[in-house]
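To start, the structure under review is shown below, and the notes come after it.
Every read-out reported here was derived from the displayed coordinates using simple, explicitly stated rules and does not represent laboratory data. None of these values were measured; they are calculated from a predicted model. Cβ coordinates were reconstructed from backbone atoms using ideal geometry, including for glycine residues, and neighbour counts include every protein chain displayed.
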Amino acid sequence: MSSLEKEAVVSRRPLGASIARWFGKNLIRIYMALAFVYLFIPVAYTFVFSFNDSGKSNITWQGFTFEKWLNPCGAPRVCEALGNSIKIGLLATIFSTILGTLIAFAIGRYLFKGRSASNLLIFLPMATPEIVLGASILSLFLVLQINPGFWPTVIAHVVFCVSFVVVTVKARIASLDPKLEQAAMDLYANEFQTFRRVTLPLVAPGIAAAALLAFSLSFDDFIITNFNSGTVTTFPKFIYGAAARGIPAQANVIASAVFFLALALVIIGQVVSRKRKVS
Amino acid sequence: MKKIRTPYLLLLPGFAFLLTFFIFPILSLAQVSTATPISGGDIGEFEQTFRFRNYLEAFLDSREHFGRSLLYALLATLIALLISYPLAYALAFKSGKYKNVLLVLVVAPFFTSFLLRTVAWKQILGEEGFVVPTLRNLGLLSDTATITSTAGAVILGMAYNFLPFMTLPLYASIDRIDPRTLEASGDLYANGFTTFRRVTLPLSMPGVVAGTLLTFIPAAGDYVNAELLGGPNNSMIGNVIQSRFLIPDYPTTSALSFTLMAAILIIVVVYIRKAGTDEVV
């Protein structure tokens with residue numbers, strides 16, 4: 001077969017075959033796109049229905065309105081619940097980030113007796129189903145005759161956030177180049193100066209990521225909160241309570257706003273860290 | 001001397017906290033699990049009588065729920081793995097300069113409250129959504145059949161809600177694979193499938209183990225998906241624990257919690273042994 005004939009064969013190949021070839025080559029990208037569609041369907045639905053001109057329940061489309069966005073606290077108690085979630089989330093984040101970072105430095109930096117037992121103690125809360133964790137912490141409060149409420153919820157959130165902080169910060173510590181610290185020591189920095197001027201700034205992005213993770217875990221928690229919060233309503237508890245009789249569109253507004261805020265924070269974080277790398 | 005003490009000082013506050021609010025509660029749960037109601041006492045008052053029959057009775061009363069929990073959690077984990085593995089692979093090897101953006105997009109849906117997203121699925125797939133009428137018009141769904149209130153809806157709901165716990169560890173371990181090992185496999189005349197089975201999959205096993213555990217454990221104890229997306233025949237052990245707790249029947253709640261935790265720990269230990277990796281954390 002001459003090269004000319006070969007070309008003719010190639011060009012004569014039916015359209016169907018080249019489409020099939022394109023699909024074969026890009027199969028995994030198509031799969032990825034479909035996975036993203038699946039991931040975002042409920043997010044898009046929540047966002048669209050935040051513009052629904054609905055009454056108490058928000059199930060069928062009633063028409064477009066901006067009213068819920070202009071008045072997000074319009075539904076009774078929704079902003080009170082949001083405020084509680086933010087307060088509990090911030091406190092749980094502060095405590096769990098401090099405790100978890102200290103543990104991460106101990107496990108990530110030192111070889112000591114009981115290190116593997118420490119790893120196990122960190123793993124256990126993650127391996128405990130939330131419902132067991134929630135019930136057990138409440139049983140302690142009941143034994144101590146402490147009523148469930150705001151602070152018991154904060155404490156319960158710290159329990160499950162600490163392990164995630166340890167794992168995140170430990171990963172960052174493990175990826176550090178020990179030569180940088182040795183260099184600081186060689187330049188006559190003492191242990192404390194080395195830690196403050198070299199180690200801590202290098203680990204800081206890991207600590208920030210851990211704090212963000214802790215806040216989002218606490219903010220979105222329902223099962224453990226439901227056991228330990230008593231009469232205090234958080235945002236997830238509000239939605240759960242409203243699910244039976246109809247969730248007001250204001251909840252969609254708040255959830256969508258939180259979504260865009262978190263997305264903006266993460267993108268800003270990425271841009272900042274990239275700029276730092278460049279300069 | 002000082003150097004030896006440092007790690008213990010660093011551990012002290014965190015471990016004192018975990019001892020008080022994690023280990024101690026688990027022990028107090030054990031204490032309550034063998035208690036019985038005080039005769040003539042108020043509702044919710046119990047005394048320790050070391051009645052280990054509580055466990056047997058609690059388990060026999062809700063063995064169906066236990067079975068359902070483990071089965072649903074297993075299926076949800078498998079579905080999450082099937083969705084996540086190609087996704088994580090594409091993120092690691094096929095996303096080029098958009099890697100970071102796409103990675104943010106994987107996590108982004110989870111910035112919206114998980115309860116609202118579950119309610120959204122319930123409404124999309126429910127009687128008043130557009131999916132059910134469309135499928136009925138096409139004759140793909142009979143007039144009496146529903147999508148919500150079924151086992152499938154509960155399982156898919158859990159697979160959806162716990163997906164990032166699967167995708168992120170998978171991505172982390174696939175991303176660490178040196179693409180040259182895959183090229184080498186091709187150079188040695190392995191086809192795509194053989195390369196995947198003999199090179200990619202074994203190298204990504206730590207991610208598979210971590211991801212399946214992080215999905216299976218919360219799924220087995222979940223009750224929110226069963227409550228919102230399931231019907232009366234789909235309730236799981238979490239629903240029983242929750243409803244017993246509200247009575248309040250603390251001994252049964254505690255006995256069921258312990259049985260669930262023991263079942264999960266046995267499965268986890270056997271699974272880690274079989275999968276041959278101890279790098280879970």
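Taking the square roots of 5 times each eigenvalue of the Cα gyration tensor of chain A, largest first, gives ellipsoid semi-axes of 41, 37, 19 Å.
One quarter of the surface of the convex hull around the alpha-carbon atoms of the range A:100-206 equals 8.7 nm², the direction-averaged projected area. With a 10 Å cut-off around each Cβ of B:228-238, the average count of Cβ atoms from other chains is 1. Exposure proxy ranking for A:192, A:227, A:219, based on other Cβ atoms within 10 angstrom of each Cβ and starting from the fewest, stands as A:192, A:219, A:227. Placing unit charges on the Cβ atoms only, positive for Lys and Arg and negative for Asp and Glu, gives the range B:1-106 a dipole magnitude near 1040 debye about its Cα centre. Tell me the net charge near residue A:226. Cut-off is 11 Å between Cβ atoms, residue A:226 excluded, with +1 for each Lys or Arg and -1 for each Asp or Glu. Its environment carries a net charge of -1. The alpha-carbon of residue A:275 sits under 19 angstrom from the alpha-carbons of these lysines, leaving out residues fewer than 8 places away in its chain: B:97, B:99. Between residue A:247 and A:58, the built amide H atoms are under 5 Å apart, and every one of these is 5 or more places off in sequence or on another chain. A cysteine counts as unpartnered when no other cysteine's C-beta lies under 4.7 Å of its own; in the protein assembly as shown this applies to A:161.
Taking every C-alpha pair closer than 8 Å and separated by at least 6 residues, the mean separation divided by the residue count of chain B gives a relative contact order of 27 percent. For the protein assembly as shown, the Kirkwood hydrodynamic radius comes to 26.0 Å, computed from all pairs of different C-alpha atoms.
Summarised as an ellipsoid, the range A:129-279 has semi-axes of 39, 23, 10 Å, derived from the eigenvalues of the Cα gyration tensor scaled by 5 and square-rooted, with the largest first. With all pairs of separate Cα atoms included, the range A:77-126 yields a Kirkwood hydrodynamic radius of 13.0 Å. Could you tell me whether chain B comes out rounded, prolate or oblate from its Cα gyration tensor? Rule is a ≥ b ≥ c as square roots of the eigenvalues, rounded for a/c under 1.5, then prolate if a/b exceeds b/c, otherwise oblate. Cα axes put chain B in the oblate bin. Couplings 3J(HN,Hα) of the range B:201-214, computed from phi: 4, x, 5, 9, 4, x, x, 5, 5, 4, x, 5, 5, 5 Hz, in residue order, whole Hz [Karplus 6.51 cos²θ - 1.76 cosθ + 1.60, θ = phi - 60°; x for Gly and Pro]. Under 5 Å from the amide H of residue B:46 lie the amide H atoms of B:38, each residue being 5 or more positions distant or on a separate chain, with H modelled from the backbone and absent for Pro and chain starts.
Under the convention that each Lys and Arg Cβ holds +1 and each Asp and Glu Cβ holds -1, the size of the dipole of the range B:67-275 around its Cα centre is about 500 debye.
Pair-distance distribution of the range B:128-249: all C-alpha pairs, bin width 10 Å, starting at 0; shares per bin in whole percent are 12, 25, 22, 21, 15, 4, 0. In a GNM of chain A with a 10 Å cut-off on Cα contacts, which of A:78, A:167, A:258 has the highest mean-square fluctuation? Looking only at A:78, A:167, A:258, the largest GNM fluctuation is found for A:258. In sequence order, the range A:86-95 has phi-based couplings of 5, 4, 4, x, 5, 4, 4, 5, 4, 5 Hz under the Karplus curve 6.51 cos²θ - 1.76 cosθ + 1.60, θ = phi - 60°, and Gly or Pro positions carry x. Here the range A:54-139 is treated as a Stokes sphere of Kirkwood radius computed over C-alpha pairs; at 4 °C and 1.567 mPa s its diffusion coefficient rounds to 74 µm²/s.
When Lys and Arg each count +1 and Asp and Glu each count -1, what net charge do the other residues less than 15 Å away from residue B:33, Cβ to Cβ, add up to? Its environment carries a net charge of -1. Whole-Hz Karplus values for the range A:232-243 come out as 6, 9, 9, 4, x, 5, 4, 5, 4, x, 7, 4 Hz, taken residue by residue from phi with 6.51 cos²θ - 1.76 cosθ + 1.60 and θ = phi - 60°; glycine and proline positions read x.
The Cα atoms of the range A:103-158 cover 41, 20, 17 Å along the three principal axes, with the biggest extent listed first. Projecting the Cα atoms of A:174, B:9, A:100 onto the charge dipole of the protein assembly as shown, computed from C-beta unit charges around the Cα centre, puts A:174 farthest toward the positive end. Of all aspartates and glutamates in the structure, those lying under 20 Å Cα to Cα from residue A:87, and not within fewer than 8 positions of it along the same chain, are A:220, A:221. Radius of gyration over Kirkwood radius for the range A:21-168, both on Cα atoms: the Rg/Rh ratio is 1.13. For the range B:141-190, the fraction of C-alpha pairs more than 13 angstrom apart is 72%.
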